[in-house]
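The values are calculated or read from the model by the stated rules, or taken from the named source; none is laboratory data. Keep in mind the model is a prediction, meaning the values are calculated, not measured. Cβ coordinates were reconstructed from backbone atoms using ideal geometry, including for glycine residues, and neighbour counts include every protein chain displayed. SASA here: full protein model, heavy atoms, side chains in, ligands and nucleic acids out. Shrake-Rupley method; radii C 1.70, N 1.55, O 1.52, S 1.80 Å.
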Amino acid sequence: MSLQLFDTHCHMHEMVRRITPVYDKWRSDGAERTPETVIAAAHEAGVNRMLCIGTSLADSELAVEFVGERKGMWTSIGIHPHEAALHQNSEAKQKFAALATAKKVVAVGECGLDYFYTHSPREAQIELLKFQIELALEHDLPLSFHVREAFDDFWPIFDSYRGAGLRGVLHSYTDNMANLEQAVKRGLHFGVNGIATFARDESQRVIYRTIPQRLLLLETDAPFLTPVPFRGKVCESKHVRVTAEFLAELRGENLEDLAATTTANARALFKV
Ligand SMILES: [Zn+2]
């Protein structure tokens, strides 16, 4: 069975630098990984489209370079809310804005508000969120949003830009039914990853069953959030496959349908 899956949120380009300790697991098992082996493994699992996601100016530059000539790969440029305070100066903003016209840039983000960790002050997060929404609108690009425990502030900001082509995805959606309804009303997509496979709470499973198929996107957030039954391994784009299988079962949907629809949703949103 040949599925066509799209990993709409990964940080695969980071493997070049291997800065996060998560890659120690690769070092310890001895097998050699290169971008090519990771991409080949994804293709073998039916994951033949991947979107790399930038989290800072330097990381977005790396992502643009990484997707380069690689087939079936695109990138989003973004400043993560954790990084907001480091990008408030106009030089960083100018360099970042210039990246929006680079080849294969199809989205802006991940950007948003994270009041769970608050690694950057709220004011800085809000400023960088608005800056990135404006940049996306200027270039007619969709946004990849990271919103954690901050929807009360997020919705008024989002609504102040509504209309004028504002569109995007709530990446790694794990919030409640009320915010799900708010997002559906606004036509936002939902990115679902490995978290779904280890959500024990019935109220979480109801969320994953309720997301309308027309707004559902699959993602990994690789190298993080490895789905069951691969917990303890480094997450890779190939793992979209098990999340798709899990969701098809949970939602009572046919796996081929789910794969085809989520891939079509992503291709329409990102225009690829
Ligand atoms: Zn991410």
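Structure notes:
- Mean separation of Cα contacts under 8 Å (6+ apart) over length of the chain, as relative contact order %: 22
- Inverse of mean 1/r across different Cα pairs in the range 1-72, Kirkwood, Å: 13.2
- Descending semi-axes in whole angstrom, ellipsoid equivalent of the range 109-215, from the Cα gyration tensor: 23, 17, 11
- Taking the Kirkwood radius as Rh and the Cα radius of gyration as Rg, the chain has a ratio of Rg/Rh equal to 0.94.
- Calculated [θ] (222 nm, deg cm²/dmol) that DSSP helices of n ≥ 4 give over the chain, each run adding -39,500 (n - 2.57): -12000 deg cm²/dmol
- Computed extension length for Arg33-Lys103: 22.6 nm, one decimal, from 0.36 nm per residue of separation with the Cα-Cα distance subtracted.
- Accessible surface of the chain [probe 1.4 Å, protein heavy atoms]: carbon and sulfur percent: 51
- The range 7-110 - percent relative contact order, Cα under 8 Å, separation 6 or more: 28
- Projected label distance in nm at Glu181 and Ala40, using a 7 Å step from Cα toward the beta-carbon: 5.1
- For the range 219-272, the relative contact order comes to 23 percent (Cα pairs under 8 Å, sequence separation of at least 6).
- Cα convex hull, the range 139-182: 75 Å³ per residue, rounded to a whole number.
- Mean projected area of the Cα convex hull of the range 207-268, taken over all directions, amounts to 4.2 nm².
- You can think of it this way: the chain between Ala248 and Arg17 has 79.7 nm of extra reach, that is 0.36 nm per residue less the Cα-Cα gap.
- Qualifying lysines (Cα of each under 16 Å from Cα of Lys103; at least 8 residues distant if same chain): Lys71, Lys95, Lys271
- Kirkwood hydrodynamic radius computed over the range 149-272 comes to 15.1 Å, based on all pairs of distinct alpha carbons.
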